Structures are given as structure tokens and as C-alpha cells.
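Accompanying notes for the structure given below.
The values are calculated or read from the model by the stated rules, or taken from the named source; none is laboratory data. Small disclaimer: the values here were computed from a predicted structure and weren't measured. No Cβ is skipped: glycine too gets one built from the backbone with ideal geometry, and neighbour counts run over all protein chains shown.
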Amino acid sequence: MRRLLLLILSCPMSFTTLAADSASDFKASSSVEEIQHWQRLLPEDDIWWTVTGEQMGWMHRNVHQLFPTVNVYRGGVVKELAYALDARIAEHKLDTSEGQKAFGELLESEQSTTMGMVILHQGKIVFESYPRMQSYEKPIYWSVAKVLPATLIRILEERGSVDVDKAIEFYIPELAGSDIAQISIRNILDMATGLDCQDEYDDRQSCYYQYSMAIGDGFRGDNAPDNPYDFLKTLKTTRHAEPGKQFSYSGMNTFALAWLVEKLTGEPFHDTVSREIWQHIGAEADASFLAYRYGIPLSHGGFLSNMRDLARFGLLFTPSYSTVSETQIISDEHIELLLNGANPNLVRADGSHNIYQWDSVSADGFLFKGGWGGQGLLVNPSLDLVAVYASYFKDDYSQLIIRPLLYQVLRNLYAQ
């Protein structure tokens with residue numbers, strides 16, 4: 001120890017230089033003044049995420065310092081993603097209201113609010129851009145989170161731990177008196193419960209807003225339900241369709257799936273995400289879930305991670321999964337189900353369908369899950385493509401919608 005200390009004292013410049021070099025690429029994402037400014041603007045009389053513009057962008061990148069979160073832990077060595085940058089992506093010309101612009105230029109332009117985007121092909125980064133954030137930041141992806149409980153249910157299904165054709169009450173007997181009790185797990189996975197509890201943030205007396213208050217995502221009034229477990233146990237609502245007949249989007253369904261994961265595993269939902277997924281993808285960093293009340297993760301929309309790590313998760317659905325995982329976490333049967341196992345009642349006119357919480361599986365094999373504020377996870381197993389992006393709303397909501405442009409670029413360059 002004395003020799004090591006003497007060595008350090010005798011070579012202070014070498015160690016100082018090394019430390020400086022290792023930190024030279026780091027750039028603080030916010031100044032002290034910016035942090036205090038935006039913190040003071042946090043709404044107190046309405047839902048925090050109703051803000052727009054730069055305030056929305058900052059809050060999307062800094063949820064972890066605004067509200068409580070619960071951790072999703074990484075494990076093992078970091079599996080570095082190799083770079084094979086494809087200049088064609090940034091240079092690809094697209095028609096806009098202001099004339100033709102290259103895709104890369106468009107993302108950085110005033111027309112866009114894209115904070116960051118990562119695209120992988122065959123397990124390598126072919127495009128990476130952070131026009132309005134730092135690469136290490138962990139934005140919120142909102143409803144992109146919904147595919148995580150659904151993915152876990154499918155993993156447990158393949159192990160024989162759950163039969164998705166059974167009513168959810170079979171595994172959660174506490175739901176016996178609830179209107180969701182007799183709905184099959186598959187119909188909950190596919191957002192086809194038939195219950196009138198669709199996402200609704202205007203009517204505070206609506207079924208969904210009551211759920212939202214219970215989990216802490218809605219603005220809590222004096223008579224707000226205490227927690228989402230008790231809310232779901234006593235759920236009483238009307239029906240708009242028979243189960244399995246119509247698509248009906250509701251974050252409450254996702255919470256029911258997360259609760260089911262907890263029942264099947266005997267541990268908190270976010271810990272199962274750690275154990276089954278995040279520990280095995282060579283992630284660069286821990287992820288987390290927004291958890292407003294009692295440490296209950298916002299499983300329907302509160303996932304936070306850096307972009308490359310979410311792209312690593314996406315790789316599990318491609319032939320290049322071995323880039324990040326030593327085992328095949330997402331089976332071939334799982335992918336086949338997503339691509340070709342749709343409920344016929346949920347197939348749209350364009351041939352796309354929703355399934356297992358994914359918003360859309362297109363006829364040409366693009367799996368997409370979007371987030372409310374302009375986020376997305378896009379995977380195409382046959383083309384070995386993954387894309388992740390995050391955006392926000394302008395004050396006048398005039399921002400470019402990135403999803404169709406991204407589809408156009410990827411189809412033109414990789415599907416021809």
C-alpha cells in the first residue's frame with residue numbers, strides 16, 4: 001500500500017491526465033440554473049405531462065429527478081454495439097412542407113422535436129443522432145413500456161407458467177368481484193377486453209382517469225382511489241363489445257398484466273424485468289420505472305433508459321440477438337406469434353394488426369410500439385432492423401411526426 005501511495009504521489013500529473021481524458025467527452029445536459037428553472041415550473045394544479053415545448057422536452061429527459069422511480073438493474077459485462085454507420089440514412093431525401101430535406105438534416109431542423117434516434121442493422125449501429133439530448137440521458141418512453149409486461153407474460157407462457165386462454169381471475173383471485181375477472185389474459189394482452197375503460201384524460205370521473213389517479217399518473221383529487229390494485233379489484237364499468245371483438249386501448253390492461261407477472265413470479269414487476277431481460281442484454285446502465293405511489297411502477301408508460309439500451313432490448317426480437325445476449329430470450333415461436341398469430345377480429349384494412357401490446361405489426365413485418373409524446377420502438381425481425389427514438393410536442397403541436405418518415409427511410413434502404 002505504501003509503495004502504491006508513493007507511486008501516486010510521485011506521478012500526480014499522469015493520474016490527473018488520465019482522469020481528465022476519461023471525463024473529456026462528458027457534457028452536462030443541464031446547467032444549475034436550468035435545473036432550478038424547470039423544476040420550479042412543474043405544474044401543481046394539473047397533470048405534469050400536459051406541458052409542451054422545451055419544458056416538455058426537459059421533463060421527458062429528467063423524470064428521474066422530478067418523481068420517485070424504481071430501478072431495473074443491469075448485469076454482467078457491457079456488450080458494446082459496433083458501429084457500421086450508413087451515410088445513406090442521414091442523406092436520404094424526404095418530401096416536407098418546406099421542400100425536400102435529408103433525413104439527418106430534418107431531425108435537427110426546427111420542424112422536428114426529435115431528441116434522439118438510434119438505428120441498428122444486423123446488430124450494429126448504422127445511425128445515431130442526439131439533436132436535443134445527450135446520449136447518456138434516459139428519457140421516458142411512455143407507452144413503449146407496455147411491451148415489457150407482455151414480453152414477460154409470453155416468456156412465462158412458454159415455460160408453462162401461465163395459460164393465456166384462461167380468465168385472469170384464475171391467477172389473481174382477488175379480482176373475483178371485478179368486471180375484468182372473466183376476461184381472458186389473451187384479450188387483455190391484445191387490448192380487446194370490451195370494457196369501457198379506454199385511455200381518457202379529460203373526464204376525471206371516467207373509468208380510466210380513476211385508474212390513472214390510483215396509480216398516480218392522473219391529477220389526484222380528494223376522492224382519488226388509493227392504489228391501482230384495490231381499484232382493479234373493485235372495477236365496475238360498462239361494455240362496448242364482447243371480449244376479443246374490438247381493439248380498445250387502455251393502460252389499465254397493462255397494469256393487470258404487470259400484476260399477473262407479480263403473481264406468477266412472487267416478486268415486484270420491475271425486478272422481473274431486471275431478472276429476465278435487463279440483466280442479460282449487456283446494458284450500459286440501469287433503467288427504471290416511474291413510480292409515483294408506494295413504489296408501484298408505472299408499467300403502462302413509465303420506462304426510462306438510454307437509447308442504446310432500449311435498442312439492445314429490441315435486438316432480442318432479431319436474428320442478431322446474440323450481439324447482446326448469450327441466450328435466445330425471445331424465441332422463434334414468440335416472433336412467429338407476433339407476426340402471424342393475430343386475432344382475426346383485430347386485423348386492420350391495411351393488413352396490420354395489434355398483438356401482445358404492440359400497437360402495430362405491419363404486413364411487411366415491422367413491429368411498432370409508440371409512446372404518447374412522440375416516442376417509438378420499431379423492430380423488423382426479417383430485415384434485422386431496430387430503431388428507437390424520442391420526441392416531444394411543440395407548443396402549437398406542429399412538430400413533424402417521425403414514424404412515417406422513419407418507415408419510409410428504412411423500407412427504401414433495406415427492404416428493396
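Quick check, is Leu337 touching a strand residue (DSSP E or B) at 6+ places or on another chain (Cβ under 8 Å), buried (at least 21 other Cβ atoms within 10 Å of the Cβ) and either modelled with pLDDT of 95 or more or among the aliphatic types (A, V, I, L, M) (or both)? Outline the logic, then answer.
Working: touching a strand residue (DSSP E or B) at 6+ places or on another chain (Cβ under 8 Å): yes; buried (at least 21 other Cβ atoms within 10 Å of the Cβ): no; either modelled with pLDDT of 95 or more or among the aliphatic types (A, V, I, L, M) (or both): yes.
So Leu337 does not fit the description; no.
Answer yes or no as to whether Ser305 is modelled with pLDDT of 95 or more, under 22 Å from His121 (Cα atoms), among the hydroxyl-bearing types (Ser, Thr, Tyr) and surrounded by fewer than 21 Cβ atoms within 10 Å (Cβ to Cβ). Give the steps one after another, and end with the answer.
Details: modelled with pLDDT of 95 or more: yes; under 22 Å from His121 (Cα atoms): yes; among the hydroxyl-bearing types (Ser, Thr, Tyr): yes; surrounded by fewer than 21 Cβ atoms within 10 Å (Cβ to Cβ): no.
Judged against the criteria, Ser305 is not a match.
Would you mention how many residues in the stretch 131-163 are crowded, with 18+ Cβ neighbours inside 10 Å and assigned to a loop (DSSP other than H, G, I, E, B)?
We begin by selecting, within the stretch 131-163, every residue crowded, with 18+ Cβ neighbours inside 10 Å; these are 132-133, 137-157, 162.
Now drop any that are not assigned to a loop (DSSP other than H, G, I, E, B), which leaves 132-133, 137-139, 141, 162.
The total comes to 7.
Assigned by TED's automatic domain parsing to the domain that holds Ile125 and farther than 15 Å from Lys146 by Cβ: is that true of Ser305 in this structure? So that I can check it myself, show each step before the final result.
Values: assigned by TED's automatic domain parsing to the domain that holds Ile125: yes; farther than 15 Å from Lys146 by Cβ: no.
No, not satisfied.
Does Gly365 satisfy the condition of being modelled with pLDDT under 95 and touching a helix residue (DSSP H, G or I) at 6+ places or on another chain (Cβ under 8 Å)?
Working: modelled with pLDDT under 95: no; touching a helix residue (DSSP H, G or I) at 6+ places or on another chain (Cβ under 8 Å): yes.
So Gly365 fails the test.
Pull out all pairs, ordered by first then second residue, where Cβ-Cβ is under 6 Å, the residues are six or more apart or on different chains, the first lies in the stretch 52-67 and is over 15 Å from Gln36 (Cβ atoms) and buried (at least 17 other Cβ atoms within 10 Å of the Cβ), and the second is among the β-branched types (Val, Ile, Thr) and at pLDDT 95 or above.
Listed pairs, sorted by first residue: His60/Ile140; Val63/Ile140.
State whether the residues of the stretch 170-178 include one that is closer than 16 Å to Ser248 by Cα, assigned by TED's automatic domain parsing to the domain that holds Ser248, in a loop (DSSP other than H, G, I, E, B) and of a type in the set (Phe, Trp, Tyr).
Within the stretch 170-178, the first condition is being closer than 16 Å to Ser248 by Cα, and the residues that meet it are none.
Scanning the stretch 170-178 turns up no residue that is closer than 16 Å to Ser248 by Cα, assigned by TED's automatic domain parsing to the domain that holds Ser248, in a loop (DSSP other than H, G, I, E, B) and of a type in the set (Phe, Trp, Tyr).
Hey, could you check the stretch 185-221 for residues that are part of a loop (DSSP other than H, G, I, E, B) and among the aliphatic types (A, V, I, L, M) and say which is farthest from Lys369 (Cα to Cα)? Spell out the reasoning first.
At the first step, the residues of the stretch 185-221 found to be part of a loop (DSSP other than H, G, I, E, B) are 190-194, 196-206, 216-221.
Filter once more, keeping what is among the aliphatic types (A, V, I, L, M): 191-192.
Details: Met191: 13, Ala192: 17 Å.
Selected residue: Ala192.
For the stretch 275-306, name all the residues that are under 18 Å from Arg159 (Cα atoms) and within 16 Å of the chain's Cα centre (by Cα).
Ile277 - this is the single residue of the stretch 275-306 that is under 18 Å from Arg159 (Cα atoms) and within 16 Å of the chain's Cα centre (by Cα).
Filter the stretch 279-295 down to residues that are touching a Gly at 6+ places or on another chain (Cβ under 9 Å) and surrounded by fewer than 24 Cβ atoms within 10 Å (Cβ to Cβ) and give me whichever is nearest to Lys369 (Cα to Cα).
Ser288
Quick check on the stretch 259-270. Is at least one of its residues farther than 19 Å from Thr151 by Cα and either of a type in the set (A, V, I, L, M) or surrounded by 18 or more Cβ atoms within 10 Å (Cβ to Cβ) (or both)?
Step one: of the stretch 259-270, the residues farther than 19 Å from Thr151 by Cα are none.
Within the stretch 259-270 (the criterion being farther than 19 Å from Thr151 by Cα and either of a type in the set (A, V, I, L, M) or surrounded by 18 or more Cβ atoms within 10 Å (Cβ to Cβ) (or both)), the answer is no, since none of the residues qualifies.
Out of the residues in the stretch 97-125 that are of a type in the set (Val, Ile, Thr) and crowded, with 21+ Cβ neighbours inside 10 Å, state the one that is farthest from the chain's Cα centre (by Cα). Give the derivation first.
At the first step, the residues of the stretch 97-125 found to be of a type in the set (Val, Ile, Thr) are 113-114, 118-119, 125.
Among the residues that remain, those that are also crowded, with 21+ Cβ neighbours inside 10 Å are: 113-114, 118-119.
Details: Thr113: 18, Thr114: 16, Val118: 14, Ile119: 16 Å.
The residue in question is Thr113.
Yes or no: Val388 among the β-branched types (Val, Ile, Thr) and in contact (Cβ under 8 Å) with a residue 60 or more places away in the chain?
Values: among the β-branched types (Val, Ile, Thr): yes; in contact (Cβ under 8 Å) with a residue 60 or more places away in the chain: yes.
The answer is yes for Val388.
When the stretch 293-331 is examined, which residues are found to be within 25 Å of Val70 (Cβ to Cβ) and not in a loop (DSSP other than H, G, I, E, B)?
Result: Phe303, Leu304, Met307, Arg308, Asp309, Leu310, Ala311, Arg312, Phe313, Gly314, Leu315.
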